[in-house]
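Each value in this text was obtained by applying a stated rule to the coordinates, not by laboratory testing. The structure displayed is predicted, hence computed values, not measured ones. As a convention, Cβ positions derive from the backbone with ideal geometry for all residues, glycine included, and neighbour counts pool all protein chains shown.
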Amino acid sequence: MFKLSASEILDKSSEARSIFEKNGFIHITDVYDQSTCKEAIEKIQYMEKSLLDSNSVQLVTECINGKPLVKYCQGIYDQSPAFRRFFSHRLLSIASILLMSDEIHFADIELHIRNPGGSNIPRHQDNFYFNLKNAKGLTAYIALSDHSRESGGLNYKINSHARVINHTLSDVKGFSSFIPSDSDEYAELKGDVYSPSYQAGDISIHHPNNIHWSDSNPIEGSRGYAVSVRVFDSCERIDPAGVERYKRLLAANRE
């Protein structure tokens with residue numbers, strides 16, 4: 001089992017932590033209400049009214065039917081209270097249970113949007129980007145709208161979080177590094193794949209070393225809106241050598 005409700009997480013903390021630690025992720029339903037998700041979507045759509053095409057570190061767009069749309073956006077905390085509401089006490093409480101720590105903090109929040117006719121998210125591990133020495137953190141993918149694997153939702157490689165494996169330069173906009181499908185290190189991992197079917201307000205939380213990706217959303221698909229929130233242990237330290245490696249690939253991927 002990979003899925004619990006938000007209330008079950010708080011009542012069955014040991015079970016929740018076991019799911020997360022064994023598999024490298026957990027799917028949690030009913031974390032945020034519909035109105036919170038709807039308000040965030042409306043803010044995104046308002047932002048896009050004056051949007052220009054971009055492939056910068058902070059903003060990556062995709063041109064769909066002649067119009068630039070957000071694929072990935074950093075730095076959204078300052079843009080609207082509609083986004084800041086996802087830095088919630090409930091999410092921090094869930095993260096505290098999964099990380100077995102009270103010394104944690106919100107580290108970042110980003111937009112991740114699955115545009116019909118847009119590009120995929122290549123196979124990767126967040127900690128190749130984060131470079132946390134002890135991998136003591138997590139990413140919460142918060143669905144603002146219903147979506148699934150067929151419309152560009154995430155896929156999680158089960159039990160793939162023992163260590164960070166080699167990544168190489170990606171040519172996919174918004175994702176500088178990826179794990180090639182013919183990677184020997186990836187081939188050694190025997191776990192199956194879990195693909196959540198999200199309803200608005202659901203979240204999936206993954207370990208920094210978990211391998212995950214998404215397929216392209218077909219042009220006839222529905223747009224999938226999500227925000228991604230990072231929570232780190234406050235005692236974590238960053239590996240400077242890893243940061244430099246990541247920056248080199250990032251510079252080659254962006255403008």
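Quick notes
- Range of Cα positions in the range 3-253 per principal axis (Å), largest first: 48, 42, 32
- Sorted into 5 angstrom bins from 0, the C-alpha pair distances of the range 163-255 split as 2, 8, 15, 19, 22, 18, 11, 2, 1, 0 percent.
- With θ taken as phi - 60° and the Karplus curve 6.51 cos²θ - 1.76 cosθ + 1.60 applied, the whole-hertz 3J(HN,Hα) list for the range 46-55 is 5, 4, 6, 4, 10, 7, 10, 4, 8, 9 Hz, x standing for glycine and proline.
- Inter-label distance, nm, simple model (7 Å from Cα along the C-beta direction), E150/N120: 1.9 nm
- Beta bridge orientation in the chain: antiparallel %, DSSP, nearest 5: 95 percent
- On the beta carbon distance between E244 and L92, with R0 = 25 Å, the FRET formula returns roughly 0.20.
- Peptide ranges 147-160, 234-247, 96-109 listed from the most packed, as the mean C-beta count within 10 angstrom indicates: 147-160, 96-109, 234-247
- Efficiency of FRET from Cβ geometry, F2 and S35, R₀ 25 Å, rounded to 0.05: 0.40
- For the pair the range 189-255 / the range 105-169, the C-alpha centres are spaced 1 Å from each other.
- Exceeding the 23 Å Cα-Cα cut-off - candidates K38/K71; K71/K136; K136/K157: K71/K136
- Calculated FRET value between R85 and Q45, using beta carbons and R₀ = 22 Å, to 0.05: 0.80
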